Amino acid sequence: MRRLSYTSGVTSGTHQPPDWADARATRIVALLTQLHECNDHVLAIVTGAFVDEQIEDLLRHAMRSGKQTDELLEDSRALGSMSVRITLSYSLKLISDDIFRMLNRIRKIRNAAAHTSLEFRFSDPPASHQIASSGIGLGADPRKVYCSMVLVVVCYLEICISQAAAIATAQIVVDQDEVKRRASNLIDMVRGKGDRNG
């Protein structure tokens, strides 16, 4: 059985994901089930929320854990909106250009669904425009194209999250003697300039 490697983002023949990855896989299976069982309106909102949670998870793994990060990522705070999270992930080079564009399409479709009291369909504007501009399955059923776009993004983000988690657990060792030596050299340089100017 081939599974995604949770350390390198490539496939391997025998690698088994850690327990936390199994929990995430269970959530993805639940999402896939919902892709087939609900109407377009619910689908756009649920998948948008799921992807937003993934972006938040990615940022949490790329940032220091603690109260400050938790507060930044609260809904009412600086990094609380999906738009800001997408832009920050892109600015930090955590996601590619293509995924950045797909995420913004999913966000816009989610917002359109969330802000309408009318029946929402992927085949109607503004969702149809976002789907058509994705370049995925031109001429295909818009709902299938949207689901494909979500699945690509979900799989990509899962790999990014696992890589960010691996990096976050790596130990960075700083040689304190080297820090002192460099600081001493800088102090000597500053003093030397002061002596020459005085």
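Some points to look at:
- One way to sum up the overall shape of the stretch 45-198 is the equivalent ellipsoid from its Cα gyration tensor, whose semi-axes run 46, 16, 16 Å, largest first.
- For the pair Val190 and Leu72 in one chain, pulling the backbone fully straight at 0.36 nm per residue adds 38.7 nm over the alpha carbon distance.
Just so you know, all these numbers are worked out from the coordinates, no wet-lab data involved. The structure presented is a predicted model; accordingly, all values stated were derived computationally and were not measured.
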